[in-house]
Every structure is written in C-alpha cells, then in structure tokens.
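Got a structure here, written out as structure tokens. Questions coming.
Readers should treat all values here as calculations from the given coordinates under stated rules, not as data from a laboratory. Remember, it's a predicted structure, so these values are computed and weren't measured experimentally. When we count neighbours, we look across all protein chains shown, and the Cβ atoms used for this are built from the backbone with ideal geometry, even at glycine.
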Amino acid sequence: MIALSLGSALVDGLRDAVGISACYYALASVGLNIQFGFAGLMNFGHVASALVGAYGMSISVNEGLPLWVGIIVGVVSGLVLGLLLGIPTLRLRADYLAIVTISVAEILRVVVNSARLQDITGGPIGITGVSKSFKAINPIPEGRYGVGAWSFNQNDLWTMIVGWTLVVLACVVVWRLARSPWGRTLKAIREDEDAARSLGKNVFVMKLQALALGSVFGAMAGMITVFDGGFVKPEFFVSQVTFNWYLVVILGGLGTVFGAPVGAVVYWFVISLFNSVLTQLIGNESHWFIDSTDTGAIRYIVVGVAVILLLVYRPQGLLGDKHEALVRDR
Amino acid sequence: MTADGPLLSARGVTRAFGGVTAVDVDELEVRPGSIVALIGPNGAGKTTFFNVLTGFERGDGGEWRFEGHDLTGKPAYAVARAGMVRTFQTARVFPRLTVLENVKLAAPDQRGERMFSALFPWRWREQDRQIEERAAEIIEWVGLGPKRTDYAGTLSGGQRKLLELARAVMASPRLLMLDEPMAGVNPALRQALLEKITELPGEGITVLFVEHDMDVVSSIADVVVCMAEGRIIAVGTPAEVAAEEAVVEAYLGRSHEDLRSIHPGGLDPTHEFVDGEDG
C-alpha cells in the first residue's frame with residue numbers, strides 16, 4: 001500500500017532547492033535581510049516590491065516595449081516604491097512602517113486585481129506571454145540537463161542561471177556594504193537610533209537607503225518569477241509570501257550576508273521533500289484524519305515546527321553568530 | 001567668533017509639557033576650555049534642557065548658538081556634526097557591535113558611510129585605517145584596551161559609560177555634553193572617569209555635564225550652574241554656588257533652623273512635606 005521512495009523525495013527536494021522558486025525567495029529575502037536584518041526595519045509588505053517589479057516589467061512588455069526597457073521599468077518601480085513607503089514613515093516609530101507596508105502591499109494587490117484595470121493589468125487573469133523575448137535570447141540548446149530525475153529543461157536552466165547570477169550579484173553588494181562603514185552605521189541604527197543620531201548620523205537617510213535597496217532586490221525577484229512562467233497574476237503576491245520570506249531570513253540568519261540564499265534553499269528543500277513524502281504516503285487515499293488535499297498544509301506545519309526548534313536551539317539561524325545573537329541589551 | 005566669546009550661548013530657552021514649564025532658561029553661556037557642571041534637584045529640567053539644546057526634543061522658544069552658528073531647532077544629527085556631542089543618562093552603546101566598532105563608527109565625515117562609495121573599498125579603506133588607529137588610541141585612553149574585540153553588550157554599566165565617553169570623543173566634538181557621567185559607575189571606575197573628563201579641555205574639548213554628586217562637581221568643575229524648577233538660579237565657582245542660599249534651598253527645602261525657631265517643639269509635619277518636595 002505504501003510505496004515510499006525516499007530517493008525520489010530527495011530528488012524532488014533537491015530540484016526545488018535550486019529551482020526558480022528558491023531563487024525568487026533568495027533574491028527577495030536578500031532584500032528583506034538588508035531591511036530587517038541589517039537596518040531593523042519591519043517591512044511587512046515586502047511582497048509589494050516583487051509585485052511592482054513583476055507588473056512594471058510585464059505591463060511594459062505587454063504594451064510593446066522591448067524587454068530591457070521593461071526590466072528598467074521594473075527596477076525603477078521597486079526603487080520608487082521603497083522611497084514612497086519610506087519618506088512618510090521612517091521618521092515615525094517602527095510600528096508605523098509595519099502598518100503602512102502591509103497595507104500598501106494589500107492595496108496594490110487589490111488594485112492590480114481589479115476589473116477596472118483589466119486593460120492594463122489583466123485583472124485577476126494577469127498578463128501572459130511576457131517571457132517570449134527572454135526565452136528567445138536563451139543560448140542553451142534544447143534538451144534536458146542534470147543527472148537522472150534531477151534535471152531541468154533549457155528554459156528552466158536559463159532562468160535559473162540568470163536568477164542565481166542575480167542572487168550572487170546581490171550577495172556581493174550586501175557583502176561589500178555589510179563590511180563598509182555604511183553597514184556598520186546601519187547596524188548601529190538598528191541597535192539604537194538615538195545614540196546614532198547623537199553621533200551625527202543621518203538616521204532617516206540611511207534607513208531610506210536600506211529600504212529602497214531592499215525594495216529594488218524585491219522588484220528583481222518579482223521579475224524572475226515572470227521570466228519563469230511567462231505570466232504574472234495578483235495571487236502571486238499575497239501577504240503570506242512576505243512572511244515566508246521572514247521565515248527564510250530568520251532560518252538563514254538575520255544580518256548575515258549569505259543567510260537569505262541559504263535559508264531559501266533549505267526552505268524549499270524541506271517544503272518539497274515533505275510534499276513528496278506526504279504525497280507518496282497518502283496518494284489519492286482518503287483517511288478519516290487526512291486526505292490528499294491536506295498535504296499542502298501539512299508541509300507548512302512541518303516547516304513551522306522546524307523553525308520553532310531552530311529558534312530554540314539555534315536562535316542565530318543557520319549562519320548567524322551565536323555570541324552576537326545572545327548579546328542582550330541590559 | 002572672537003577668542004574669548006562664548007562657545008555655546010543660549011537665550012530664553014523654554015519647554016513646557018502641558019501646563020508644566022520644564023525648562024525656562026533666560027541665559028546660559030559656556031566659555032571654551034572650561035568644565036561646566038549643571039546641577040539641580042531631580043526634576044529641575046537639566047536633562048530636558050540638554051535634550052532641547054541637542055535637538056532630541058523640540059524647544060518651545062528661545063535660541064542657541066554654537067561657535068556663532070545658530071543651532072536653534074536643528075535636528076540631533078546636525079547638532080552633533082556642528083561639534084556639540086552628547087551622551088545619555090543611561091549609557092547607550094550599540095550592544096551587537098564590538099567596542100572597536102562602536103568607537104570607529106563615531107568618526108565624522110566617513111567616506112565609506114556614503115552608500116555608493118561603500119561599495120568600493122578602495123575609496124574608504126585608507127581613511128578607515130586611520131580611524132581605526134585613532135579609535136584604538138581612544139579605547140586605550142579610557143582603559144578598555146583589553147575589551148576591544150568584545151561585543152559592547154557584554155560590558156558592565158561602568159564600562160559602558162567609558163565606552164560612551166570614548167565614542168563621543170571620537171566624534172571630535174568641541175563641546176561634549178555628558179548627562180550624568182557618574183550614574184551607575186562603581187567607585188573604582190569613578191576615579192578613572194573623573195580623570196578622563198579633566199583631561200578633555202587640554203584636548204580642545206569643552207565639557208558641560210549634568211551631575212548630582214556635589215563631591216564630583218566641586219572636584220572637577222570650573223563653573224557650576226544650578227537649575228531648579230526649570231530656571232537657572234545660580235552660576236559661579238563650586239564654592240560660590242554651594243554657599244548660595246537659593247541652591248541650598250532648592251536641594252533641601254527652606255532651612256530647618258528657621259522652622260525650628262517658628263515651632264520650638266519640633267518640625268511641623270505639613271511644613272516638612274511641602275518644603276521637602278522636589279521641584
């Protein structure tokens with residue numbers, strides 16, 4: 001009855017660990033890590049930056065503009081969103097940023113979903129056929145690449161290469177910034193804003209820079225998802241996604257350079273592995289306590305338990321510095 | 001600014017919370033090269049006055065100039081950049097930065113603090129190396145040398161005060177405003193901290209500090225300013241101010257001798273209550 005193949009579950013896990021979803025999560029979480037991990041900004045609407053990036057590019061391409069123009073529009077949209085969110089809220093107490101960002105993310109999702117804007121955003125259906133010119137410049141010949149079941153077609157591979165290259169570049173930027181006086185001051189602002197002010201640091205400008213940079217990475221992440229499927233839909237950008245990214249960042253290690261990508265890889269590995277195991281165990285059977293439709297929810301429960309255990313036994317995350325995490329502000 | 005002009009001059013500075021006037025200072029001048037103590041009972045408005053001058057709190061009125069520049073209503077970071085750096089009553093260090101990072105951070109005009117330049121280490125590495133040397137010297141000076149690579153969050157309360165002093169000195173102030181530098185510092189560190197403060201004018205740093213302890217004040221201050229109920233009630237040398245009747249009254253209430261002469265049988269408890277109340 002039970003035909004559990006751990007091998008195939010492992011392959012599923014490994015496939016998603018390096019796949020586009022992990023790549024999307026990694027890049028967006030690198031952005032969130034700058035905001036929350038380094039600058040201490042509670043951005044509960046980070047998914048909005050992915051939304052404006054994805055829609056900015058998709059609408060441009062859909063209106064007939066070339067892909068590279070669309071990409072610029074997407075990046076600029078992310079930048080503008082970061083600035084617009086930051087300018088009114090960053091002078092206020094931290095909670096206001098949290099409230100405003102989560103509201104803006106929901107508002108934007110509802111707006112692009114609205115039927116009135118169907119001509120521009122495609123409403124609930126979204127925009128399709130966006131990645132044609134992206135796939136047209138794919139230099140990889142047709143075929144499957146990988147080892148056995150762990151393999152990808154040329155389009156997936158092309159998107160993965162572009163996406164992970166962006167993740168690496170983003171990490172280089174974060175690595176450079178984190179080790180610079182800029183990064184040092186940003187951490188100081190996270191620790192104690194008033195003390196930073198008393199030393200002549202322009203706290204507002206630095207927080208705004210961090211928010212905008214994180215937002216640009218979020219926008220780039222949003223574009224990667226579009227490259228992958230070739231379409232964009234409002235439902236990609238529900239608020240839950242932001243909190244998944246929080247999970248990823250905390251899992252990998254807040255305020256670490258490579259924490260976000262490591263967190264994203266581990267997150268998708270675990271999700272996919274358990275999805276595979278549960279699907280194999282349950283199949284199409286229906287028991288009194290569980291059936292095939294429950295697997296999707298159960299894998300998130302597993303991740304939730306894993307994160308709780310992590311926070312108990314390794315509060316600094318996978319890559320964080322234990323001593324740093326245990327420092328208390330007495 | 002003339003050579004003997006005031007470093008800091010404040011006029012008519014007021015700040016009220018609801019109906020309570022917390023600060024109402026007609027005039028205060030701080031001469032360069034001096035150590036000025038600001039004393040007064042709890043609730044006299046010393047810290048609020050500090051907060052207003054350094055841009056941490058909005059003032060309701062008045063103006064204040066530093067080295068001839070108008071700093072009235074300027075934000076805190078601009079005040080610090082102008083050369084007026086403050087510390088806090090309870091030391092505020094950056095717990096998850098090391099002692100060295102805490103001090104380096106305070107250096108003004110860092111090229112690597114600009115986001116774009118930060119990406120290119122060759123633009124700021126040389127300056128950062130110089131900053132590190134200077135920071136290391138200052139850390140030695142306050143006696144935290146052995147703690148250089150420790151997280152600031154692991155320091156004791158007194159060590160935090162020393163670190164805060166080191167950090168403030170690193171910011172190259174011309175006027176250093178210390179809010180109760182001795183609060184919570186154990187006697188052993190106390191003497192060290194006092195010595196450091198007396199060395200500051202020699203380094204071109206004028207000091208204005210809030211303190212409760214009259215022993216501390218009289219041992220290091222050149223000038224003492226006493227506040228009560230938001231106003232400055234006395235200015236002078238420590239001996240002069242200690243002898244002022246208004247100062248004694250502000251701290252202790254009206255002299256008990258007087259009360260005794262009115263009530264030979266002892267103190268009237270109601271008088272005691274009213275007079276002993278803190279401003």
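I'm a student and want to see the number: the projected area of the Cα convex hull of the protein assembly as shown, averaged over all directions, in nm².
Numbers: hull surface 152.3 nm².
Orientation-averaged projected area of the Cα hull: 38.1 nm².
Whole number please: convex hull volume per residue, Cα atoms of the stretch B:14-124, in Å³.
On the way: hull volume 18.9 nm³, N = 111.
Roughly 170 Å³ of hull volume per residue.
Consider just the alpha-carbon atoms of the stretch B:202-247 and return their Rg together with their Dmax, both in angstrom.
11.1, 36
Considering amide H positions built from the backbone, and no H for Pro or chain starts, which residues 5 or more places from B:L71, or on another chain, come under 5 Å of its amide H?
Here the answer is B:W64, B:R65, B:F66, since their amide H atoms fall under 5 Å of that of B:L71.
Report ³J(HN,Hα) in whole Hz for each residue of the stretch A:216-226, in order, from the Karplus equation J = 6.51 cos²θ - 1.76 cosθ + 1.60 where θ = phi - 60°; Gly and Pro get x.
5, 5, x, 5, 5, 4, x, 5, 4, 4, 5
Semi-axes of the equivalent ellipsoid for the stretch A:1-156, please: Cα gyration tensor eigenvalues, times 5, square-rooted, ordered largest first, whole Å. Intermediate results must be reported in sequence, preceding the final value.
Values: eigenvalues 213, 112, 49 Å².
One finds semi-axes of 33, 24, 16 Å for the stretch A:1-156.
Using 31 Å as the Cα-Cα cut-off, could you pick out the over-long pairs in A:K135/A:K233; A:K135/A:K207; A:K201/A:K322; A:K132/A:K207?
Values: A:K135/A:K233 19 Å; A:K135/A:K207 37 Å; A:K201/A:K322 28 Å; A:K132/A:K207 38 Å.
Flagged as over cut-off: A:K135/A:K207; A:K132/A:K207.
Could I ask something else about it? Dividing the alpha-carbon radius of gyration of chain A by 2.2 N^0.38 Å (N being the number of residues), what value is obtained?
Working: Rg = 20.5 Å, N = 330, 2.2 N^0.38 = 19.9 Å.
With N residues counted in chain A, Rg over 2.2 N^0.38 Å equals 1.03.
To the nearest 0.05, how large is the calculated FRET efficiency for B:D150 and A:L6 if R₀ is 41 Å and r is the Cβ-Cβ distance?
In this case the efficiency is close to 0.35.
Can you give the Kirkwood hydrodynamic radius of the stretch B:137-246 from its Cα pairs, in Å with one decimal? Please report the intermediate quantities before stating the final value.
Details: mean 1/r = 0.0663 Å⁻¹.
Evaluated on the stretch B:137-246, it is 15.1 Å.
So, one more: For the stretch B:1-74, what mean projected area does the convex hull of the alpha carbons give, in nm²?
Details: hull surface 20.2 nm².
Mean shadow area of the hull around the Cα atoms is 5.1 nm².
Under the rule a/c < 1.5 gives rounded, and otherwise a/b versus b/c splits prolate from oblate, where does the stretch A:81-145 land using the Cα gyration tensor?
Numbers: a/c = 3.60, a/b = 1.83, b/c = 1.97.
Cα axes put the stretch A:81-145 in the oblate bin.
Something else now. Under 17 Å from a point placed 7 Å out from the Cα of B:T90 along the Cα-to-Cβ direction: which residues of the stretch B:167-207 have their backbone N that close?
B:179-186
From largest to smallest, what semi-axes in whole angstrom does the stretch B:83-210 give when each is the square root of 5 times an eigenvalue of its alpha carbon gyration tensor?
Values: eigenvalues 128, 54, 31 Å².
The answer is 25, 16, 13 Å, longest axis first.
Rounded to whole Å, give me the distance from the Cα center of the stretch A:274-319 to that of the stretch B:106-151.
47 Å
Right, another one. Have a look at B:V30, B:V103, B:V20 and tell me which one the Gaussian network model of chain B (Cα, springs below 10 Å) gives the largest fluctuation.
B:V20
Going by amide H atoms built from the backbone, whose H comes under 5 Å of the H on B:V224, apart from near neighbours?
When sequence neighbours closer than 5 places are left aside, the close amide H contacts are B:A37, B:G236, B:T237.
Translational D (Stokes-Einstein, µm²/s) of the stretch A:127-224 at 4 °C and 1.567 mPa s when Rh comes from the Kirkwood sum over C-alpha pairs? Can you show the working numbers first?
Details: Rh = 16.6 Å.
Stokes-Einstein gives a translational diffusion coefficient of 78 µm²/s.
Another question about this same structure. For the stretch B:1-77, run through the trypsin sites (Lys or Arg not before Pro) and keep only the ones in DSSP coil with at most 10 other Cβ atoms within 10 Å of their Cβ.
Values: sites: B:R11, B:R15, B:K46, B:R58, B:R65; in loops: B:R58.
Loop-located and lightly packed - B:R58.
Can you give the average number of partner chain beta-carbon atoms within 10 Å of each beta-carbon in peptide B:72-80, as a whole number? Provide the component values of the computation, followed by the final result.
Working: counts 0, 0, 0, 5, 10, 10, 3, 3, 6.
Mean shielding by partner chains, rounded to a whole number: 4.
Right, another one. With viscosity set to 1.567 mPa s at 4 °C, what whole-number translational diffusion coefficient in µm²/s follows for chain B from Stokes-Einstein and a Kirkwood radius over Cα pairs? Numbers along the way, then the final one.
Values: Rh = 20.3 Å.
Using the Kirkwood radius from Cα pairs, D works out to 64 µm²/s.
Counting partner chain Cβ atoms within 10 Å of every residue's Cβ in B:99-109, what's the average?
Details: counts 0, 0, 5, 5, 0, 3, 9, 8, 3, 3, 1.
Mean shielding count: 3.
Cα to Cα, under 16 Å, and not fewer than 8 places away if on the same chain: which lysines meet these conditions relative to B:K161?
Candidates past the 8-residue exclusion: B:K147, B:K196.
On to the next question. Net charge near A:L278, counting Lys/Arg +1 and Asp/Glu -1 over other residues with Cβ under 14 Å of its Cβ? Walk me through the numbers on the way to the answer.
On the way: positive: A:R299; negative: A:D12, A:E285, A:D291, A:D294.
That works out to -3.
How large is log10 I(q)/I(0) at q = 0.16, 0.26, 0.27 Å⁻¹ when the Debye formula is applied to the Cα atoms of the stretch A:160-215, each weighted equally and without solvent?
With one equal scatterer per Cα and no solvent, log10 I(q)/I(0) is -0.54, -1.02, -1.07.
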